[in-house]
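The values are calculated or read from the model by the stated rules, or taken from the named source; none is laboratory data. Since this is a predicted model, take the numbers as computed values, not measurements. We place every Cβ from the backbone using ideal geometry, glycine too, and count neighbours over all the protein chains shown.
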Amino acid sequence: MKIVTAAEMRAIDRATSERFGVPSLTLMENAGSAVAEHVLAHYSAAQKITVFCGKGNNGGDGFVAARRLHEAGKTVQVVLLADRVDLRGDAAVMFDKLPVAATVVHRSEDLKDERVRLALSAELFLDAILGTGFRPPVTGMYADAIAILNASSAPVVAVDIPSGADADAMGPQTGIMARADSIITFTAPRPAHVFGALTTGPTYIAAIGSPPEAIVSSLQLNVITARDFAPLIGPRPADSNKGKYGHVLVVGGSVGKAGSVAMAGMSALRAGAGLATVATPKSVLPTVAGFHPELMTEPLTETRAGTISAGAEARLDALVQGKSVLAIGPGISRYPETAELVRTLVGKSDIPTVLDADGLNAFEGQTIELSGKGRVLVITPHPGEMARLAGCSTADVQKDRLGVARQFARDHELIVVLKGNRTLVVQPDGEAWVNTTGNPGMSTGGTGDILTGMVAAMIAQHPKDVLPAVCAAVHLHGLAGDVMRESVGEHSMVATDLLRGLPEAFLRAQKTAREKFVGWNG
């Protein structure tokens, strides 16, 4: 789903009306109706609802929501932070359709009026004061109204965006902003919806009538939703067999790091690959094979340090034949001889390749050898690994995650999966996808190895849809973490918990893809 700027959103609304014939009044009616539908679905117990409205189109959406909630049997009060004569266009039309008399507030002192005080006894508030066209800071009466909302213990639903927020900000907000227990916005998210931490609750996107052709963005930025990859996780045909779903070869492991490569291999199977083979040092193989009987294993010659030796190259060349995807790196170590072998294998691989962990570190200072030109190459660094590849500090990466990932993807013609809060998937032309699943409980060793196997598995199953496959793996990986947080919490989560959470993650993604509103948590 495309992310658009506030100005682009206004252009989309205009194009929807002028080019595609959808009246602006219809768009407002649909938006307000979506808000009411959200409230009725998620806050059904709230009977007394107060809607705070500004004088712009955001207030107009609030008027529609108030009318729809009144029609649904709710007790609704409207507080208008403007004079009736200040309303223009569609907002004025919707105000005149209100089935209840609004409490009009002209100045901050009026917020102490008895009618306003009664309105503050609501069980739910709708914040329709300021929309995504507003630029901070907010002052005066609006700021005072926001302070009143923030002081309330009742839930607040933000219409379009929390009042006072900068919709185009891709980092922390500044100045006063209304709190929000949930947000419902329209057509497409703005950057702050994805990056701004505007709510700890859900954010929903409602389609209100703009056709896909009208939704144009210059940001080259998207948010991953289950709808984007739904065809990749649909029901399988009755005549399925393991040969239809790819064979992943995972190369890695070393003495003391057998678990990494075993988890990558098993996650490939759990994510749907038909077959998974783990190639690992011969002294490590019994440990790897003992983790999961479903894994096939291949012993490789090893160095004195218990890592894969250069002498394994010929055997690996043979093993790659007939495989769908090659995944290199989990537990492979930074031993110089092994690192050189990694660079050799990646350099000559002619099948889709996923590179992670110490497989990435093998290219530190030698990234000229790392190129995806003419083939599929996916790298999955955490910020520290990205910093080593990019020749900068981890702090530099974290200050400009999108910029660093884009530059590297473009320079090396490969797909970058930059892990972390809001994991990024960036393709070689710089187009980026932002993931919203996952939680701090996943900050534990091995979760990256699980992701490596999942990425390889999804590509193996869908070799003609590489980008959606990678996005699906990233999204489902985080969603599995969210599933497991519900049972084990954040402090006790370990990487293999994600393997247990994956089946439910697939089911939830399939269900979410069918829902009317697209959304995410936090």
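Odds and ends about this structure:
- Qualifying residue in segment 319-334 (condition: of a type outside the set (Ser, Thr, Tyr), under 26 Å from the mean Cα position of the chain (by Cα) and in a loop (DSSP other than H, G, I, E, B)): yes
- Leading residue by the ranking (nearest to residue 180 (Cα to Cα)) among those in segment 500-520 that are of a type outside the set (A, V, I, L, M, F, W, C) and surrounded by 14 or more Cβ atoms within 10 Å (Cβ to Cβ): 519
- So residue 522, is it of a type outside the set (Lys, Arg), at pLDDT below 95 and at positive phi: yes
- When residues of segment 1-59 are limited to those that are assigned to a strand (DSSP E or B) and more than 26 Å from the chain's Cα centre (by Cα), the one farthest from residue 433 (Cα to Cα): 48
- Residues that are under 19 Å from residue 415 (Cβ atoms), surrounded by fewer than 24 Cβ atoms within 10 Å (Cβ to Cβ), among the small types (Gly, Ala, Ser) and touching a helix residue (DSSP H, G or I) at 6+ places or on another chain (Cβ under 9 Å) within segment 333-383 comprise 347, 349, 371, 372, listed in sequence order.
- Test: residue 415 is closer than 24 Å to residue 1 by Cβ, in the same structural domain as residue 441 (by TED's automatic domain parsing) and modelled with pLDDT of 95 or more: yes
- A count restricted to segment 64-90 and to residues that are buried (at least 16 other Cβ atoms within 10 Å of the Cβ) and either touching a residue at least 40 places away in the same chain (Cβ under 8 Å) or outside the structural domain of residue 118 (by TED's automatic domain parsing) (or both) stands at 6.
- Of all residues in segment 97-116, exactly one satisfies the criterion of being part of a helix (DSSP H, G or I) and among the β-branched types (Val, Ile, Thr), namely 116.
- Residue within segment 106-125 that is touching a Gly at 6+ places or on another chain (Cβ under 8 Å), closer than 17 Å to residue 66 by Cα and not charged (D, E, K, R) present: no
- Test: residue 467 is crowded, with 22+ Cβ neighbours inside 10 Å and assigned by TED's automatic domain parsing to the domain that holds residue 394: no
- Residues that are surrounded by fewer than 24 Cβ atoms within 10 Å (Cβ to Cβ) and among the small types (Gly, Ala, Ser) within segment 165-179 comprise 169, 171, 175, listed in sequence order.
- Annotation: residue 169 fulfils all but one of (1) in a loop (DSSP other than H, G, I, E, B); (2) of a type outside the set (Val, Ile, Thr); (3) within 20 Å of residue 13 (Cβ to Cβ); the unmet one is (3).
- Residues of segment 30-55 satisfying the condition of being among the small types (Gly, Ala, Ser) and farther than 16 Å from residue 99 by Cβ: 31, 34, 41, 44, 45, 46, 54
- Residue within segment 396-408 that is buried (at least 17 other Cβ atoms within 10 Å of the Cβ), outside any helix (DSSP H, G or I), hydrophobic (A, V, I, L, M, F, W, C) and outside the structural domain of residue 189 (by TED's automatic domain parsing) present: no
- The one condition in (1) of a type in the set (S, T, N, Q); (2) surrounded by 17 or more Cβ atoms within 10 Å (Cβ to Cβ); (3) without any contact (Cβ under 8 Å) to a residue 12 or more places away in the chain that residue 443 fails to fulfil: (2)
- Residue that is nearest to the chain's Cα centre (by Cα) [pool: residues in segment 225-261 that are surrounded by fewer than 24 Cβ atoms within 10 Å (Cβ to Cβ) and of a type in the set (Val, Ile, Thr)]: 225
- Members of segment 363-415 found to be touching a strand residue (DSSP E or B) at 6+ places or on another chain (Cβ under 9 Å) and among the basic types (Lys, Arg), listed by number: 375, 401, 406, 410
- Scanning segment 101-138 for residues that are surrounded by 15 or more Cβ atoms within 10 Å (Cβ to Cβ) and acidic (Asp, Glu) yields 110, 123, 127.
- Restricting 152, 163, 218, 182 to residues that are among the hydroxyl-bearing types (Ser, Thr, Tyr), in contact with a helix residue (DSSP H, G or I) (Cβ under 6 Å, 6 or more places away or on another chain) and farther than 30 Å from residue 461 by Cβ narrows the list to 163.
- Filtered residues of segment 488-515 (kept if farther than 12 Å from residue 450 by Cβ and either among the hydrophobic types (A, V, I, L, M, F, W, C) or touching an Asp or Glu at 6+ places or on another chain (Cβ under 8 Å) (or both)): 488, 506, 507, 509, 513
- Restricting attention to segment 82-115 and to residues that are in contact with an Asp or Glu (Cβ under 7 Å, 6 or more places away or on another chain) and hydrophobic (A, V, I, L, M, F, W, C), the residue that is modelled with the highest pLDDT turns out to be 104.
- Take the conditions (1) surrounded by fewer than 22 Cβ atoms within 10 Å (Cβ to Cβ); (2) in contact (Cβ under 8 Å) with a residue 12 or more places away in the chain; residue 265 misses just one of them, which is (1).
- Checked against the criterion of being surrounded by fewer than 18 Cβ atoms within 10 Å (Cβ to Cβ), closer than 26 Å to residue 519 by Cα and either outside the structural domain of residue 129 (by TED's automatic domain parsing) or hydroxyl-bearing (Ser, Thr, Tyr) (or both), the candidates 50, 16, 26 yield just one match: 26.
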